[in-house]
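In what follows, a single structure is set out as structure tokens and then discussed.
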Amino acid sequence: MSRHILTILVGKRKETAVNVQKILTGWGCIIRTRLGLHEGTLDNCSESGLIILELVGEQEKMDEMMRKLTLLEDVHAKMITLSLKE
């Protein structure tokens, strides 16, 4: 059994978040779990954020979503695949 985790570091959140969200919405069917983190509150929000996704489905779709995200300026993505030893 394998788990696929995609980590996404988003810089310049105010400018980049809309395009990141469009991509995630387009690939929403392969996202099982989503966690978004950023520092700050109210008027003092940070300019960067971290999104952690648990993905399911075909590897090709996961790779394509990651490729589209990494084409965005100030967005860095990395796939982590975890497997249990049998």
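Coordinate-derived values only; no laboratory data. As the structure is a computational prediction, the values presented were derived from the model and not from experiment. Using ideal geometry, Cβ is built from the backbone for each residue, glycine included, and neighbour counts are taken over all protein chains shown.
Taking the criterion of being surrounded by 13 or more Cβ atoms within 10 Å (Cβ to Cβ), farther than 24 Å from residue 2 by Cα and of a type in the set (D, E, K, R), would at least one residue in region 51-68 satisfy it?
Scanning region 51-68 turns up no residue that is surrounded by 13 or more Cβ atoms within 10 Å (Cβ to Cβ), farther than 24 Å from residue 2 by Cα and of a type in the set (D, E, K, R).
Of all residues being surrounded by 12 or more Cβ atoms within 10 Å (Cβ to Cβ) and free of Cβ contacts under 8 Å to residues at least 24 places away in the same chain in region 25-39, which is nearest to residue 4 (Cα to Cα)? Just the residue, please. Explain how you work it out, then say what you get.
Start the filter on region 25-39 by keeping residues that are surrounded by 12 or more Cβ atoms within 10 Å (Cβ to Cβ), which leaves 27, 30-32, 34, 36, 38.
Of the ones still in play, those that are also free of Cβ contacts under 8 Å to residues at least 24 places away in the same chain are 34, 36.
Details: 34: 12, 36: 17 Å.
Here the answer is 34.
On the given criteria, is residue 79 surrounded by 14 or more Cβ atoms within 10 Å (Cβ to Cβ) and touching an Asp or Glu at 6+ places or on another chain (Cβ under 8 Å)? Even if it seems obvious, please write down each step before you answer.
Details: surrounded by 14 or more Cβ atoms within 10 Å (Cβ to Cβ): yes; touching an Asp or Glu at 6+ places or on another chain (Cβ under 8 Å): yes.
So residue 79 passes the test.
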